[in-house]
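This report concerns only the one structure given below.
Read-outs throughout are calculated quantities, based only on the coordinates presented, and are distinct from any laboratory measurement. Values in this document were obtained by computation on a predicted structure and should not be read as measured data. No Cβ is skipped: glycine too gets one built from the backbone with ideal geometry, and neighbour counts run over all protein chains shown.
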Amino acid sequence: MHNVSATTRVLLLLAVAAAPLACDAQQRPGQGRQPTIPPPTILEYKPQSTLIVPEHEVPRARFPVVDLHGHPPTLNNRQTIEEVVAAMDALNIGVMVQARPSSGDRLRSQIEAVREAGYEDRFVFFASVDLSEVGPGAGERIAAQLREDVAAGAVGIGEISKAFGLYYQKTDGSRLQLDDPELDIVWETAAELGIPVFVHTADPPEFFEPLDFTNERWLEMALFERRRFNDPAQFPHFEVLMEERDRMIARNPGTTWVLAHMGWHTADLARLGEIFDAHPNVYAEVGAVLYDLGRQPRFASQFFDRYQDRILFGKDSFQPDEYPYYWRVFETADEYFDYYRDYHAFWKLYGMDLPEDVLRAVYFENALRIIPDMPAGPFEGVR
Ligand SMILES: [Zn+2]
């Protein structure tokens, strides 16, 4: 009874005959066999690698880093600031961009607290923009608030969250599209002020696809209900959001755009390359997509080499023990090592072994070039 039945075998052979071009079209020994003991669930199966290869842990980045996608806690008191600085020192993060939404008083109180604590050379602040109630005249109001925030010390816009595109509604009840003309004045104001716009659009493309057993993010989507954007009655498709984003960028060529999470194109880097080629004002940040870079170390390394002036380091969630995985992927040629989050990726990572000039560009040089008034102190001696 453990063997494939005769009927199933005939059906399999028929299926094989009907699909002569499939690479696994030939009947293989043991194909279709079922386990003779109960199989583990996807959560239970944790194979331990038996591979023994050279390992190089990298607790500190080789050069001081700008974390463009920083989400430390609100930096409004000395104790929090000192805890974050201690973590940054251990990891060799020179400057962290506070990308947690803040504007007005919430922004000013953090800038003041950092200055009072004596760490104004370790943090810079992006300002959030309120896109929750866009209607006629909203663009002017948002742009005016942005001018105030930049006067108070903000050096960028961001992080604009995925709610822009997925959730925000206009005052007329329709979905706020990324390329809504009402917002052009906001992006033009950013261009005039010389500050970058850091925007997170959509989420991994798999989240917009059917939740079947071929989906690479099945486990994550099963664990987190709010990461399922695959109901067309509720959400625009990934490609719709990308088209809106690309039109927003094309309409604002004077604005510096930084795409969070490499625009969610890390499973198709050539596509991101086309965006870079078409729009010299576009940059991308590597937060939370290490699982994709580390499974294509050779192609990703070529991509980083070619577009080294367009890629910026960012981490996203502030978990100090996770940063060294990035250093290890970028700086070593290690093979087949674990990633830190098993529901992002059930595969192993490989090092990209990036050359030093690429590391410098990605770690700090690009950020120093596109963000105004960046503190120079942490990068003295390595520039
Ligand atoms: Zn973020």
*Long-range amide H contacts for ILE157: which residues qualify at under 5 Å (H placed 1.01 Å from N, peptide plane, sequence gap of 5 or more or a different chain)?*
ALA127, VAL197, PHE198
*What list do you get for TYR291, TYR45 if you sort them by fewest beta carbons within 10 Å?*
TYR45, TYR291
*Positive-pole candidate from PHE238, THR255, LEU183, dipole of the chain, charges at beta carbon*: PHE238
*Determine, for GLU244, GLU44, the number of other Cβ atoms within 10 Å of each Cβ, and report the residues in order from fewest to most.*
GLU44, GLU244
*asked:* Need the full-extension length gain, TRP347 to LEU219, defined as separation in residues times 0.36 nm minus the C-alpha distance. One decimal, nm.
replied: 44.8 nm
*Using the Karplus curve 6.51 cos²θ - 1.76 cosθ + 1.60 with θ = phi - 60°, work out ³J(HN,Hα) for each residue of the stretch 358-363 in order, rounded to whole Hz, and write x for Gly and Pro.*
6, 4, 4, 4, 6, 6
_Pairwise label distance in nanometres, TYR45 with GLU335, each label 7 Å out on the Cα-Cβ vector_ = 2.4 nm
_Dipole magnitude of the chain, debye to nearest 20 (Cβ charges: Lys/Arg +1, Asp/Glu -1, about Cα centre)_ = 920 debye
*Cα Rg, Dmax, the stretch 126-277, angstrom units*: 16.2, 51
_If I take the Cα coordinates of the stretch 318-374 and project them onto the principal axes, what are the three extents in Å, biggest first?_
40, 26, 15
*Return the sequence-ordered ³J(HN,Hα) values of the stretch 365-373 in whole Hz as given by the Karplus equation 6.51 cos²θ - 1.76 cosθ + 1.60 applied to θ = phi - 60°, using x for Gly and Pro.*
4, 5, 5, 5, 7, 9, 9, x, 6
*222 nm [θ] for the chain, helices only, -39500 (n - 2.57) per DSSP H run of 4+, per residue, to 500?*
-10000 deg cm²/dmol
*Cα atoms only, the chain: Rg and Dmax in Å?*
23.5, 79
*Distance (nanometres) between label positions extended 7 Å along Cα→Cβ at ASP184 and GLU120*: 3.8 nm
*Compute the label zone of ALA163 within the stretch 190-215: residues whose backbone N is under 17 Å from the point 7 Å along Cα-to-Cβ.*
198-203
*Could you list LYS162, LYS46, LYS315 in order of exposure, starting from the residue whose Cβ has the fewest other Cβ atoms within 10 Å?*
LYS46, LYS162, LYS315
*Using θ = phi - 60° and the Karplus relation 6.51 cos²θ - 1.76 cosθ + 1.60, list the HN-Hα couplings for the stretch 110-115 in order, rounded to whole Hz, with x at every Gly or Pro.*
6, 4, 5, 4, 5, 5
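Ranking request for peptides 115-121, 194-200: highest mean number of other beta-carbon atoms within 10 Å first, then the rest in descending order.
194-200, 115-121
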